[in-house]
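All of the numbers you see were taken from the coordinates with simple rules; none came from a lab. The structure presented is a predicted model; accordingly, all values stated were derived computationally and were not measured. A quick note on method: Cβ atoms are made from the backbone with ideal geometry, for glycine too, and the neighbour counts reach across all protein chains shown.
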Amino acid sequence: MTDGADMESDLRQRVREAHRAREPLRIAGGASKDFYGRAVEGAPLDISAHRGVLRYDPAELVLSARAGTRIDEIETLLGEHRQMLGFEPPRFSGGATIGGALSAGLAGPRRPYAGAVRDFVLGVKILSGKGEVMRFGGEVIKNVAGFDLARLMTGALGTLGVLLEVSLRVIPRPQAERTLLLEQPNAAEAVACFNRLAARPLPLSAAAWHDGAARIRLSASEAGVAHAAAAIGGETDNSAGENFWRQLRDHELPFFTERRKLWRLALPPAAELPACAARAPQWIDWGGAQRWLAGDLDRDALCAAAAERGGHVTCFRHFDPRGEVFQPLAPAARALHLRLKRAFDPAGILNPGRLYAGV
């Protein structure tokens, strides 16, 4: 449907050769998320030329594309039919690809109200670590039964397979959106406010807080947005329209651009911030479920506190890429992770160590 190229045969041959030689491969696409995860030592496997939208049915809300297709290209196509990617994937740069978005599993401000990346994945086509072409799922929204291997690829950072194609459910673009600004002097009160609003039948599509200011995005019909805005109160923030949420999504705001350690803390929305992080500068997103913390913190203490609250921690930016980046796995979870890795990539050549050392 769009200009592109089918590089499957070349990619398959390259992975087969690497498997036979036990040669590690570093999967590369748009390079927009190279900073994310641990460093990988290996020969580059560039999938950026394997691109193009293959199928798009606006009536069925389904799109399929090769993994190297740029997100902005997909969004432009969807925009022509007033549709969008519901998980609002972060770009971090103009070269971001749809394969990279699924591999990283990261979602933007709309995530708690529309769904996570995996909720929109209908099917994938991958190369295993042996160079085998494998398909999971399909292009039908009801095509989910048993163990959902298609969604398993979401967030795997290429350690289980090389994404070749993805099929996604898309959503209609809202008729109207409005951002409200509310004064909230501290983070705890802001999170409490977000939770109260989330319990009401309101068309929320984003909720964030920083430095005394809470912003809430409403997405619905013109009448629905106006009614919700009147019920919530506050002021319409004319300066914080779509551009603000894009800057938050892509970490272009000053809080994120300073060169200091940036931590991502995922918590249940009503959970209190751990005492070990109470003094850290923070930005709250996802109505309280995602907390961005800045500065030097005790990683072990933060990971332990997050686990106690049912959450997890990621060392997101400006950390030693040779160290551990993600929340330590419990023994049972690590054993399952190793079994999956061996099943899909028995020689351990695909992005080795990207998630955890020795995996």
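Just round it to a whole percent: the fraction of Cα-Cα distances in segment 8-172 exceeding 26 Å.
Counting every Cα pair in segment 8-172, those more than 26 Å apart make up 22 percent.
Determine, for each peptide in 156-169, 316-329, the mean count of other beta carbons within 10 angstrom over its residues, then list the peptides with the highest first.
156-169, 316-329
Per-residue HN-Hα couplings for segment 148-158, Karplus 6.51 cos²θ - 1.76 cosθ + 1.60 at θ = phi - 60°, whole Hz, x for Gly and Pro?
8, 6, 4, 6, 4, 6, 5, x, 7, 6, x
Tell me the relative contact order for the chain as a rounded percent, counting alpha carbon contacts under 8 Å between residues six or more apart.
That works out to 19 percent.
Out of segment 217-312, which trypsin sites (Lys or Arg not before Pro) are coil in DSSP terms and have no more than 11 other C-beta atoms within 10 Å?
Details: sites: Arg217, Arg246, Arg249, Arg259, Arg260, Lys261, Arg264, Arg279, Arg291, Arg299, Arg309; in loops: Arg259, Arg260, Lys261, Arg279, Arg309.
Passing sites in segment 217-312 are Arg259, Arg279.
Under the definition of Cα pairs under 8 Å and six or more residues apart, what whole-number percent is the relative contact order of segment 8-172? Write down the numbers at each step before the final one.
Details: 335 pairs, mean separation 42.4, N = 165.
Dividing the mean separation by the residue count of segment 8-172 yields 26 percent.
Once P(r) over Cα pairs in 10 Å bins from 0, in percent is worked out from the coordinates, which option in [x] 5, 20, 23, 19, 17, 12, 5, 0; [y] 5, 21, 27, 23, 17, 6, 1, 0; [z] 5, 24, 32, 26, 11, 2, 0 does it equal?
Answer label, from the structure shown: [z].
Using the Kirkwood radius built from alpha carbon pairs, what does the Stokes-Einstein equation give as D for segment 1-42 at 20 °C and 1.002 mPa s, in µm² per second?
It comes out at roughly 171 µm²/s.
Starting from 0.36 nm per residue, how many nanometres of slack lie between Glu272 and Gln175 once their C-alpha separation is accounted for?
Details: separation 97, 0.36 × 97 = 34.92 nm, distance 3.52 nm.
Additional length available on full extension: 31.4 nm.
Sort Trp292, Trp209 so the one with the fewest other Cβ atoms within 10 Å of its own Cβ comes first.
Fewest to most other Cβ atoms nearby, the residues stand as Trp292, Trp209.
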